[in-house]
1. Kindly indicate the residue of the stretch 36-52 that is at pLDDT below 95 and either polar (S, T, N, Q) or in a helix (DSSP H, G or I) (or both) and also surrounded by the fewest Cβ atoms within 10 Å (Cβ to Cβ) among those meeting that condition.
2. So GLY245 passes all but one of these: (1) without any contact (Cβ under 8 Å) to a residue 60 or more places away in the chain; (2) farther than 30 Å from ALA369 by Cβ; (3) of a type outside the set (Val, Ile, Thr). Which condition number does it fail?
3. Criterion first (at pLDDT 80 or above, part of a helix (DSSP H, G or I) and more than 22 Å from PRO275 (Cβ to Cβ)) does LEU191 satisfy it?
4. Pick from the stretch 344-382 the residues that are part of a loop (DSSP other than H, G, I, E, B) and aliphatic (A, V, I, L, M): which of them is surrounded by the most Cβ atoms within 10 Å (Cβ to Cβ)?
5. List pairs: first residue in the stretch 386-406 and surrounded by 14 or more Cβ atoms within 10 Å (Cβ to Cβ) and outside any strand (DSSP E or B), second residue modelled with pLDDT under 95 and among the charged types (D, E, K, R) anywhere in the structure, Cβ distance under 7 angstrom, at least six positions apart or on different chains.
6. Answer with yes or no whether ARG201 is basic (Lys, Arg) and either part of a helix (DSSP H, G or I) or at pLDDT 95 or above (or both).
7. So which residues in the stretch 62-100 are assigned to a loop (DSSP other than H, G, I, E, B) and free of Cβ contacts under 8 Å to residues at least 40 places away in the same chain, if there are any at all?
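The values are calculated or read from the model by the stated rules, or taken from the named source; none is laboratory data. Just so you know, these numbers come straight off a predicted model, no measurement behind them. FYI the Cβ positions are ideal-geometry reconstructions off the backbone, even for glycines, and counts take in every protein chain you see.
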Amino acid sequence: MAEHPAYPVGLRLTGRRVVVLGAGQVAQRRLPALIAAGADVHLVSPEATPSVEAMADTGEITWHRRDYAEGDLAEAWYALIATSDPDANTAASAEAERRRVWCVRSDDADAATAWTPATGSSEGVTVAVLTTQARGRDPRHTAAIRDAVVEGLRDGTLVAPHHRSRTPGVALVGGGPGDPDLITVRGRRLLAEADVVIADRLGPRDLLAELPPHVEVIDAAKIPYGRYMAQEAINNALVEHARQGRSVVRLKGGDPYVFGRGMEELQALAEAGIPCTVVPGISSSISVPGAAGIPVTHRGVAHEFTVVSGHVAPDDERSLVDWPSLAKLTGTLVVLMGVDKIGRIAETLVAHGRSPDTPVALVQEGTTAAQRRVDATLATVAETVVAQDVRPPAVIVIGDVVGVGPHGAA
């Protein structure tokens, strides 16, 4: 049998008896897929790993707590033999052959009548990789091929055309803090499938260079506004391109709903009857401090963190932030879009009780190659921003967590 390649086939095991012999690491890895396939799984083993035992306790499998015995494979459709007893494995394999039960052996692939491929799934597609012969099989090689294919499907670097009609619509995609590797898998895949991408200045720009030539990329900052406000013009552009039957991605920095005006765009699309998908993104409010070595919470230092917009000053009548209350908190304060207002923000916090010695860190261009961190205190941050020429985009972290780290003091 080893001289010929295996014939690949997908087994439909819903409601059908599957017998697994042995409850060690091999069974622990294989059982979830059998359960997901809807199989009636019977496990035969005197002992089991804690994870396998939990599957039995929750009723996902039926556990027979004993050694293998002749007749265990009766009425089975499929068997997985994975005990540590070579004699039991051989006997069970022989029973499977007599009963015409497809049988996988973890200890001897040559003696098996079926092989388990390296499998992975993406968007309703299952990828299964088998080597052509049993002798000399390299499970690591097949797993590596599986991983490469699945990852390509997930991140959009491997794109297969859909031979079906696509429903036009818009996806609001959070691109993360700037590093192109920090966009979600789903967001990257939607980018790869887009006809039009309307991108923010703060989105992960490097991803745009990977798009196919036919994709129209529109810089949201350069949309002609005419008689419209900037956001209204962007909303109209999303609607118009979607109505032309295109798949549109609105690529935003961070998360669409964290000071990203994503809900405004969603509402405009809903009013126009345009279907919309929202893909969350990694917010710069936590990822940028983390990239700079600052945890927004830390045991014994900060039990909470608050994220606020600093695009308007505390004394501006448009401000919706209760700065006096924030000054009384003992946790971490993260300020976005506040570089040019940080002087007045610091004064307000100190005036309402926050210590002027409170540490402050400003992280400019976080997660990108241009990232830099500038440290100060509430008393010195205004002059430090000027002296160090700190410019947007920068995330400002205020609190004792600034001093936590390999070279800081908790």
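1. This residue is PRO50.
2. (1)
3. No, not satisfied.
4. LEU378
5. Listed by first residue and then by second, the contacts come to PRO393/GLU365.
6. no
7. ARG65, ARG66, ASP67, ALA69, GLU70, GLY71, ALA74, ASP85, ARG100
Okay, residues lined up against (1) of a type in the set (S, T, N, Q); (2) at pLDDT below 95; (3) touching a helix residue (DSSP H, G or I) at 6+ places or on another chain (Cβ under 6 Å):
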| residue | (1), (2), (3) |
| --- | --- |
| TYR78 | no, no, no |
| ALA92 | no, no, no |
| ARG99 | no, no, no |
| ASP107 | no, yes, yes |
| ASP110 | no, yes, no |
| THR119 | yes, yes, no |
